[in-house]
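Have a look at the structure below before the remarks.
The values are calculated or read from the model by the stated rules, or taken from the named source; none is laboratory data. As the structure is a prediction and not an experimental result, all values here were calculated from the model. Every residue, glycine among them, receives a Cβ derived from its backbone with ideal geometry; neighbour counts consider all protein chains shown.
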Amino acid sequence: MEKKVASNFLWGGAVSNVQAEGSTEVYGKGHNVYDDLVVIPEKGQISQGSTNIASNHYRQYKEDLQLFKELGFSAYRIAIVWSRIHPTGEEETPNEAGLAFYDDMINDLLSKGIEPIVSLVHFDMPTHLAEKYNGFLSTEVIDLYSRHVEQVVEHFKDRVKYWITYNEINTAPFDAHSYLVAGAQRPIDMSEVEFFHEITYNTNLASARAINFITDTVEDAKVSGMITVNYAKAKDGDPKNHLAATMYNEFNFYLFADLICKGEYTSFYQNFLSLNGINYLNDDLSEFKSAAKKVTYLPISGYQTRVIEAKTKLDSIEEINELLFHTVTEASEELAANHWGWTIDPIGFRQELDDLYSRYQLPLFIVENGIGLQEGATLEETLNDLDRIDYHKQYIKAMIDAMNVDGVVIMGYLLWSPIDILSSHKEMEKRYGLVYIDEMKNGTMKRIPKKSFYWYKKVIETQGGVVYD
Ligand code: BG6
């Protein structure tokens, strides 16, 4: 068995620019939902960093890209921040200064031989759209997003081939994430199911429209929507819990992967809507269907797996709603986890890859995978990040085994994240980077490669072979 990947495999890293750039007030940029997010701290949260500072990537990106070249990256995933291009979301023309910034970044990437992978919405909807329209709960925002996408794509179409229309679209309709991911908050007179369905339809329509536009506009475009995949497993192997896990995975993952890859609602979802009294038969899925035909790969993020326990018999829609909306999945007691309770489960990751490929038969693209670790008591300890190396070693091996043993086609692996950046809860102490950024301690913004930096460089040099050592 081959113990490495092919030479055209895309190795690299990924960030969300709102979590890395800082400089929230410059050159006409508007505030976005991440800047204005009132954080409900994640369990285990230690600190809260400033989005205006973040990793100062806005001002130091050239230095960062130079480090990525040194790593041997062939791809780097960024998000063009919506509110830098359309500060309120309602401007008819783009903010030239915003375009100029990404022009420089993309040109610099290309000059270094690094393929830009561009996300079109990643926690960066202009706050104005969230406040005026309640984000993607309103169809007007679909139109405004479409205009934004068209202008961005027209501008970069000669240089960018890889587009991701919507980051982790499958988290958008849940109350806990809807503001950050879709700029929307559930009105008090709207049920969870109604809200879920409206947001699911609107965000996926926006994404499908973007896919259709991009494939019509960009020569040799490689475009898709994107989901996060963190499967639930049955607690204690109990059959009732297996059923709960199947339903949970249907609702959280397959529903969205089917929308992207097939342009259809799953039968589970159709039945769920009917039982909840929601008429979906008139939903126009024609744009979803045409987009699905053009999708050539499925990009995913994957970090951990969870276990789920059924508290009821699951034989009525009320019980199923309760499971789908209110069950808190737990970290498996058998698995190691980081400080925030995110489990380390490379075998679960391989199983997810096998399962998704067998269902959709589309190449997968891992566009996020990583581990958040606290920095050490001393700089020396922080830089000696053996736990990060161990995590990536296990996950990359699982990925290569999925490819070479199980027959899964995977086109690339983008590590989250090559530099320390703020977490989605604005925490700086949850560090993912291969490169340490001295922000929390002394504010010098100095970039210092950690041990994992040199290890990942070797991964790329050996096409993954080093993970078998
Ligand atoms: C993904 C997001 O959910 O996971 C990222 O696309 C996020 O933006 C990453 O940062 C890790 O999650 P967290 O909450 O630890 O930052």
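For segment 19-33, the set of residues classified as within 16 Å of the ligand (Cβ to nearest atom) and in contact with a strand residue (DSSP E or B) (Cβ under 6 Å, 6 or more places away or on another chain) consists of N32 only. Determine, yes or no, whether H425 is modelled with pLDDT of 95 or more, surrounded by fewer than 21 Cβ atoms within 10 Å (Cβ to Cβ) and within 16 Å of the ligand (Cβ to nearest atom). Judged against the criteria, H425 is a match. Say whether the condition of being hydroxyl-bearing (S, T, Y) and within 16 Å of the ligand (Cβ to nearest atom) is met by at least one residue in segment 113-120. Yes, the conditions are met somewhere in segment 113-120. Mind listing whichever residues of segment 1-59 are among the aromatic types (F, W, Y), in contact (Cβ under 8 Å) with a residue 60 or more places away in the chain and surrounded by fewer than 23 Cβ atoms within 10 Å (Cβ to Cβ)? Passing the criteria: F9, W11, Y27. Of all residues in segment 423-435, one or more are of a type in the set (D, E, K, R) and over 19 Å from the mean Cα position of the chain (by Cα).
Checked against (1) aliphatic (A, V, I, L, M); (2) surrounded by fewer than 23 Cβ atoms within 10 Å (Cβ to Cβ); (3) under 14 Å from V5 (Cβ atoms); (4) over 17 Å from the mean Cα position of the chain (by Cα), I448 passes all but a single condition, namely (3). Residues that are over 19 Å from I46 (Cβ atoms), touching a helix residue (DSSP H, G or I) at 6+ places or on another chain (Cβ under 8 Å) and part of a loop (DSSP other than H, G, I, E, B) within segment 378-406 comprise N384, D406, listed in sequence order. Residues in segment 106-140 that are over 26 Å from T203 (Cβ atoms) and surrounded by 21 or more Cβ atoms within 10 Å (Cβ to Cβ): 2 in all.
Across segment 324-361, the qualifying residues are those that are part of a loop (DSSP other than H, G, I, E, B) and in contact with a Leu (Cβ under 7 Å, 6 or more places away or on another chain), and the one among them that is nearest to the ligand (Cβ to nearest atom) is N338.
Exactly one residue out of I320, I260, I278 is of a type outside the set (G, A, S) and assigned to a loop (DSSP other than H, G, I, E, B): that is I278. Whenever a residue of segment 379-390 is closer than 17 Å to Y303 by Cβ, its partners that are charged (D, E, K, R) and in a helix (DSSP H, G or I), lying with C-beta atoms within less than 8 angstrom and at least six residues away or across chains, give the pairs D385/K451; I389/K451.
You will find that of L180, L137, the residue that is touching a residue at least 24 places away in the same chain (Cβ under 8 Å), away from the ligand (no atom under 16 Å from the Cβ) and farther than 17 Å from P94 by Cβ is L137 and no other. Against the criterion of being within 14 Å of the ligand (Cβ to nearest atom), under 24 Å from F123 (Cβ atoms) and either in a loop (DSSP other than H, G, I, E, B) or in contact with a Ser or Thr (Cβ under 9 Å, 6 or more places away or on another chain) (or both), G412 does not qualify.
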